[in-house]
Amino acid sequence: MGLHKLHGSIEKTPAASWLIPAAILGVSALVMLGGTAASEMLRYDRVWIGQGEAWRLVSGHFVHLGWSHLVLNGVGLLLVWFLIGGAQTMRSWVLIIAVSLASIDIAFWFRHPELYWYVGMSGLLHGLLAAGIVPRLRHITLETGVLATLLIAKISWEQFSGPLPGSETTSGGPVVVAAHLYGALGGALGAILASIRVRQRAPI
C-alpha cells in the first residue's frame, strides 16, 4: 500500500518494477562474493578515479563493508520500494537512479575532496525515497507528510549532529552522511526531471 493512496484509491507497486531493487541487490551480492579484491577494484576511490577509473563513480554504490552492511541496506531498499515503488514508472526510476548517483558523485568530488573512498547504497536509498515523495506533494496524505517529515528530520540531524546513534555500529564502519543529503537532493531533482519528461511526451 505504502505511499500509493491517492483520493481514496490504492495504487499497488507493479510487479515488474521489483526488477529494479532485485537488480541492485543482485549486483551488490555479486560484488560481495568477489571478496576484497572486487571491493577494492570497484569502490569509490578518489585517487584511482583521478587516474581514469571512472566506473568507480557508479560501482562504488554497490560495494559494501560486509554482509551485515549489505543486509542492512537491502532491508532498507525493500522497505523503501514497498512504500514508493509505484510512484514512478520503470523508465523514470532509471533516470532518477542515474541523477541521484551523479549528484552524490559530483558533490563528493567537488565539495568533499577529503573523502578518499566510499561504499554503500545508503545515499541512493535516500534518493529513491525522496523521488517517491515528490510526486505525492501535490496531494499530501498523512502518510506522505509523515515520511517527508521523517526524511527531512533525519537528514537535518545528520548534517548538524552526525550519524544517528548506533548507525555506525550497525553498518560496521563510518557513515558518510553527506551521501544521504546529496542522494535525497538528486532523487528529488530526478523526480522533477522525470515529471517534465512525462509531460513533454504526453499528447496535446
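Treat the count of other C-beta atoms within 10 Å as a stand-in for reagent exposure and order 82, 108 from fewest to most.
On the way: 82 16, 108 23.
With the sparsest Cβ surroundings first, the list reads 82, 108.
So what is the diffusion coefficient of the chain in µm² per second by Stokes-Einstein at 10 °C and 1.306 mPa s, using a Kirkwood Rh over Cα pairs? Present the calculation step by step, with values, prior to reporting the outcome.
On the way: Rh = 17.5 Å.
In µm²/s, the coefficient is 91.
Going by alpha carbons, how many degrees (0 to 90, nearest 10) lie between the helix axis of 177-201 and the longest principal axis of the chain?
Around 40 degrees separate the two axes.
Find, among the GluC sites (Glu not before Pro) in the range 92-166, those assigned to loop by DSSP (not H, G, I, E, B) with at most 16 other beta-carbon atoms within 10 angstrom.
114
Just subtract the alpha-carbon distance of residue 51 and residue 38 from 0.36 nm times their residue separation and send over the number in nm, one decimal.
Details: separation 13, 0.36 × 13 = 4.68 nm, distance 1.81 nm.
Here the segment from residue 51 to residue 38 would lengthen by 2.9 nm.
At a 10 angstrom cut-off on C-beta neighbours, averaged per residue, how do the peptides 18-25, 61-68 rank from highest to lowest? Spell out each step's value before the answer.
Numbers: 18-25: 15.9, 61-68: 20.2.
Order by mean packing, descending: 61-68, 18-25.
Name the shape class, rounded, prolate or oblate, that the alpha-carbon gyration tensor gives for the range 93-204, where a ≥ b ≥ c are the square roots of its eigenvalues, rounded holds for a/c under 1.5, and otherwise prolate holds if a/b is larger than b/c and oblate otherwise.
Values: a/c = 2.69, a/b = 1.48, b/c = 1.81.
In terms of gyration-tensor shape, oblate.
For labels at residue 143 and residue 156 in the simple 7 Å Cα→Cβ model, what's the distance in nm?
It is 2.4 nm.
On a 0 to 90° scale, report how tilted helix 67-84 is relative to the longest principal axis of the chain, with both axes built from alpha carbons and the result rounded to the nearest 10.
So the inclination is approximately 10 degrees.
Against the longest alpha carbon principal axis of the chain, how many degrees, from 0 to 90 and to the nearest 10, is the axis of helix 122-133 turned?
Helix 122-133 sits at roughly 10 degrees to that axis.
Would you list 36, 13 from fewest to most Cβ contacts within 10 Å?
Details: 36 7, 13 18.
Fewest-to-most Cβ neighbours within 10 Å comes out as 36, 13.
Bear in mind these aren't lab numbers, they're just calculated from the coordinates by the rules spelled out. Just so it is clear, the structure is predicted and the values come from calculations on it, not from any experiment. Note that we place each Cβ from the backbone using ideal geometry, even for glycine, and neighbour counts take in every protein chain shown.
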